[in-house]
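Below is one structure, written out as structure tokens; the observations come after it.
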There are 2 protein chains.
Amino acid sequence: MTYCIAVSVKEGLVLTSDSRTNAGIDNVSVHCKMHVIQTCEDRKIVLLSAGNLATTQAVLDQLRRDIKERAETNLNTMQYLSEAAEYLGHVSLDKQHRHANSGQNGFFPAATFLLAGQIGAEPHGAYLVYPEGNYITTSDHTPYLQIGENKYGKPVLDRILKIDTPLEEAALCSLISMDSTIRSNVSVGPPVDILIYHRDSFELNEYYRFQEGDDYLMQLRRIWQEKLSDAFAALPRIDKQEAKDFPVLDH
Amino acid sequence: MTYCIAVSVKEGLVLTSDSRTNAGIDNVSVHCKMHVIQTCEDRKIVLLSAGNLATTQAVLDQLRRDIKERAETNLNTMQYLSEAAEYLGHVSLDKQHRHANSGQNGFFPAATFLLAGQIGAEPHGAYLVYPEGNYITTSDHTPYLQIGENKYGKPVLDRILKIDTPLEEAALCSLISMDSTIRSNVSVGPPVDILIYHRDSFELNEYYRFQEGDDYLMQLRRIWQEKLSDAFAALPRIDKQEAKDFPVLDH
């Protein structure tokens, strides 16, 4: 399994991914799921991936080859991020189809991607590209997208993230969301990669990798845990005056 | 969908359920998912249900009929909660099988139950009864069970609940877990039922029903939201000295 988040707020982007890959529960390894494709200077494009690792790698290889060979359509020819998302969906579908009829039972070549970045004078943004090749983007009301094991870490994103949340806070929120997921699902695990992109900067120089047991991550986890316990202690208790007998029906 | 939680801590039990039932997204109604079966005075047994509503009701009817008709096996003849869980699994499987081959496409008669309570001098406890008829119980390390839409509300339970958490705090934690789930999944909704059972009391007199827009629930939601925001503000920021360039590989 995998968990990746792309937050797109006014100030820019926060991209977060775990690194645990498994082919069956007895074959677990570490693969970075955050990928930057080297493009020309007027654009930055980052991919986060979930799903079949072979499909993911085949897609990344194709995107890089298309640039190198100056294919008619490649990430350098795009004017809009939505075009890049469409192209990624097309390449992904093609790679999946090549192996879909291999005749192996229980083989799922599906892969899902988050594509985020900025092209020229266009606004920055993030797209979720489904295995079917279609895509969605964020909105002012829901300024984030998730792929992989998305449920455990969703409530904290829903509660905290707004379109005008500062990047620093969005990064903390993403780390807490990742930590909740790592605690609840053993198939999601460190190292955790996080990349902060300030809009219009065209720089990818605020990248962090947190290894298992990283001091800062441990501190974050401990303080968050303490603050949650404090928050609980401060919650208004249920008014016992309102207690009733359970209405037992006897049929 | 549904979301129900059974917490079993040293002091007793906290049982929580939502009330939204749907047969397709265009057929949503309100059904209480917390059921008390009238038994003899040396025991209290409460059921929480998720899944097919017809199966659930058929199972409840059968349990009540078995008591009324003094069947050889009924909830009054059990000496242990685990026996009751096994009996419930047996009845559930029987009811599901009656309709499994009805020939309707997309028909799933499966139902899942939480059974909690106390019998005589035996300790109180909670059991999750699967549609397959087998069951699991809680442990000191994981003093809760969930059925239905369990993922959104799991992190807060994992972070707060311990075997010696007081009942009052376990109830607050369950309400926050329910609130997180209601926010994230529209198929889970109020009224929210919560029943607190003090061990060895054999009383079900601490029952609360919170309607949509209930003052207390709104206050709880608001204060929790504020406290979470405060907690975020107090988290240690990522050390920008640690920022690196993203290691772009150019193949």
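The values are calculated or read from the model by the stated rules, or taken from the named source; none is laboratory data. Worth saying up front: this structure is predicted, and the values here are computed from it rather than measured. Quick reminder, even Gly has a Cβ in these numbers, built from the backbone with ideal geometry, and neighbours come from all protein chains shown. In case anyone asks, the SASA skips ligands and DNA or RNA and just uses the protein heavy atoms, side chains included. Shrake-Rupley method; radii C 1.70, N 1.55, O 1.52, S 1.80 Å.
Points worth noting:
- Criterion: crowded, with 18+ Cβ neighbours inside 10 Å, on the phi < 0 side of the Ramachandran plot and more than 7 Å from every other protein chain (Cβ to nearest Cβ) - qualifying residue of B:F232, B:F210: B:F210
- A:L204 vs. criteria in a loop (DSSP other than H, G, I, E, B) and within 12 Å of another protein chain (Cβ to nearest Cβ): yes
- For A:S174: the one exception among (1) farther than 19 Å from B:L228 by Cβ; (2) among the polar types (S, T, N, Q); (3) at pLDDT 95 or above: (1)
- Conditions (1) under 29 Å from B:N185 (Cβ atoms); (2) under 20 Å from the mean Cα position of the chain (by Cα); (3) part of a loop (DSSP other than H, G, I, E, B); number of the one not met by A:P123: (1)
- Condition met for A:T77 (open to solvent by 50 Å² or more (accessible area, probe 1.4 Å), within 27 Å of A:V9 (Cα to Cα) and touching a helix residue (DSSP H, G or I) at 6+ places or on another chain (Cβ under 9 Å)): yes
- If the condition is being small (G, A, S), out of contact with any Lys or Arg (no Cβ under 7 Å at 6 or more places or on another chain) and over 11 Å from B:L48 (Cβ atoms), then segment B:1-34 contributes B:S8, B:A23, B:G24, B:S29.
- Complete set of residues in segment A:128-157 that are touching a helix residue (DSSP H, G or I) at 6+ places or on another chain (Cβ under 6 Å), in a strand (DSSP E or B) and crowded, with 22+ Cβ neighbours inside 10 Å: A:V129, A:Y144
- Just one of the listed residues (A:S187, A:S174, A:S92, A:S180) is of a type outside the set (A, V, I, L, M, F, W, C) and part of a loop (DSSP other than H, G, I, E, B), and it is A:S187.
- Residue check for B:K68: free of Cβ contacts under 8 Å to residues at least 12 places away in the same chain, open to solvent by 10 Å² or more (accessible area, probe 1.4 Å) and charged (D, E, K, R): yes
- Applying the criterion of being closer than 27 Å to B:L175 by Cα and without any contact (Cβ under 8 Å) to a residue 24 or more places away in the chain to the residues of segment A:213-229, the residue that is nearest to the other protein chains (Cβ to nearest Cβ) is A:K227.
- The set of residues from segment A:24-72 being outside any strand (DSSP E or B) and hydroxyl-bearing (S, T, Y) comprises A:T39, A:T55, A:T56.
- Extreme residue, farthest from B:H198 (Cα to Cα), among residues of segment B:93-127 that are surrounded by fewer than 20 Cβ atoms within 10 Å (Cβ to Cβ) and among the small types (G, A, S): B:G103
- Segment A:184-204: number of residues that are open to solvent by 70 Å² or more (accessible area, probe 1.4 Å) and modelled with pLDDT of 90 or more: 4
- Test: residue in segment A:90-100 that is more than 14 Å from chain B (Cβ to nearest Cβ), among the small types (G, A, S), within 18 Å of the chain's Cα centre (by Cα) and over 25 Å from A:F202 (Cα atoms): yes
- Count of residues meeting criterion [aromatic (F, W, Y) and within 19 Å of B:L157 (Cα to Cα)] in segment B:114-141: 1
- Counted residues, segment A:161-171 - those being open to solvent by less than 10 Å² (accessible area, probe 1.4 Å) and in a helix (DSSP H, G or I): 3
- So B:H90, is it surrounded by fewer than 17 Cβ atoms within 10 Å (Cβ to Cβ) and over 18 Å from B:L128 (Cβ atoms): no
- Scanning segment B:162-192 for residues that are in contact (Cβ under 8 Å) with a residue 60 or more places away in the chain, farther than 21 Å from A:L157 by Cβ and at the interface with chain A (Cβ under 9 Å from one of its Cβ atoms) yields a total of 1.
- In segment A:1-13, residue farthest from A:V188 (Cα to Cα) [restricted to those that are out of contact with any Pro (no Cβ under 7 Å at 6 or more places or on another chain) and either open to solvent by less than 10 Å² (accessible area, probe 1.4 Å) or of a type in the set (A, V, I, L, M, F, W, C) (or both)]: A:G12
- Considering residues of segment A:14-33 that are among the aliphatic types (A, V, I, L, M) and surrounded by fewer than 24 Cβ atoms within 10 Å (Cβ to Cβ) only, the residue nearest to A:V156 (Cα to Cα): A:V30
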